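One structure is given here, and the rest of the page talks about it.
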Amino acid sequence: MKYFDRVCQVDISPDIRVENHKIKFEIKKSVLSNINSCRVDIYNLSQTTRNKITSDPTSLVRVDAGYVQNGGVFAIGQGNISNVIHTIKSPDIITTIYSKDGFNAVSNNPITLSFVGKTQLSSVINAIITKLGLPVKFADYNKNQQFKNGFSYVGSIPEVLDQLGDQFKFKWSIQNGQLQILNGETSTGVQNVFLSDKTGLVESPELIIKTKNLDLINKNEYKVVSLLQPQLEAGDLVQVESIVLTGVFVIKELIHTGDTRGNDWYTRMVVTNNG
């Protein structure tokens, strides 16, 4: 992979595109149901452009980034705008935009479900997808599982998906405005990045230690840091080759960070064994 000529653009609905300003971003993604978040700092927009950016939850911000010599820009994050702050730090005016992926679709969008008799899990999921109104990126769950005595629910979409996920052992999330469902500890099956010290791996992977009791350490989770990998999404596979860690791993969570006029241009991941 050629890590030269970094590029980034930000699109803000309805008709704003920012390319040539200083842009900083931090985009957090996970396979869990926590809503993915994005923060973007844009420097020295005109007063007219600043006035057009609102925190109306129907407004969207999308961040594309990458490398000119390696496919150009990829969509690395998007979401409904939750807050906009303009800060003066002379000589700069910094516009900070906070957004949450799929927030408008899952919030203030109650759902009522009622199924009687034997009901396939797939029927319930399809009803939720219809109400959610988002495209499905990936849906891997046991569609043959069923409710023997029907299923009913009134409430929020995140809560019913959490309830079903706990019962039927799947994880759901929204990635770039698309619903993703992963069965158990599986992945999307997408693998398009190989990381070594010659292909973007920045630091030696680290074992994640969450307890002082060495017998309880989760030996399957590692922190991996690389130069920005815009193709990667939570749930994808990544191949790692290093002295301390080698193999193909599932990305549980990641953070893309960047600064178009600074040094920060990294992807930080938590990965676990595949299968």
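The values are calculated or read from the model by the stated rules, or taken from the named source; none is laboratory data. All figures in this text were calculated on a predicted structure; none of them were measured in a lab. Reconstructed Cβ throughout: ideal geometry from the backbone, glycine too, with neighbour counts over all protein chains shown. Side chains included, ligands, DNA and RNA excluded: accessible areas come from the protein's heavy atoms. Shrake-Rupley method; radii C 1.70, N 1.55, O 1.52, S 1.80 Å.
Of note:
- Computed with a 1.4 Å probe over protein heavy atoms only, the accessible area of S152 comes to about 90 Å².
- Rounded to the nearest 20 debye, the dipole magnitude of the chain is 340 debye, with +1 charges on Lys and Arg beta carbons, -1 on Asp and Glu beta carbons, and the Cα centre as origin.
- Only one residue of Q78, A139, T96 has its Cα farthest out toward the positive end of the dipole of the chain, where Lys and Arg carry +1 and Asp and Glu -1 on Cβ, and that residue is A139.
- Gaussian network model of the chain, springs between alpha carbon atoms under 10 Å - residue of I111, I93, I209 with greatest fluctuation: I209
- Carbon plus sulfur fraction of accessible area for region 126-196, probe 1.4 Å, in percent: 48
- Model label zone, S156; criterion: amide N under 13 Å from point 7 Å along Cα-to-beta-carbon; scope region 106-138: 106-111
- Working from Cα pairs under 8 Å separated by at least six residues, relative contact order for region 1-64 is 41 percent.
- Rounded to the nearest 10 Å², the accessible area of D166 at probe 1.4 Å: 110
- I243 sits among other residues whose Cβ lies under 14 Å from its own Cβ, and their net charge, with Lys and Arg +1 and Asp and Glu -1, is -3.
- Probe 1.4 Å, all protein chains present, accessible-area order of K100, K118, largest first: K118, K100
- Furthest towards positive pole of dipole, Q69, Q175, Y3, structure part the chain, Cβ charges: Q175
- Hull volume in cubic angstrom per residue (convex hull over the Cα atoms of the chain): 151
- Computed over neighbours whose Cβ is under 12 Å from that of K169, the net charge equals -2, Lys and Arg +1, Asp and Glu -1.
- The chain, helix-only ellipticity at 222 nm - DSSP H runs n ≥ 4, -39,500 (n - 2.57), divided by all residues, nearest 500: -3500 deg cm²/dmol
- The accessible-area ordering, largest first, of the residues V238, V270 stands as V270, V238, per a 1.4 angstrom probe.
- Accessible surface, per residue, of the chain when the full set of protein chains is kept, probe 1.4 Å, Å²: 50
- Mean sequence separation of contacting Cα pairs (under 8 Å, at least six apart), scaled by the length of the chain, corresponds to a relative contact order of 19 percent.
- R17 accessible area, assembled protein chains, probe 1.4 Å, Å²: 130
- Legend: residues K171, K137, sorted from most to least accessible area (1.4 Å probe; ligands, DNA and RNA excluded), read K137, K171.
- Around P91: net Lys/Arg minus Asp/Glu count, Cβ-Cβ under 15 Å: +2
- Simple label model, 7 Å out from Cα along Cβ direction - N183 to N144, nm: 0.9
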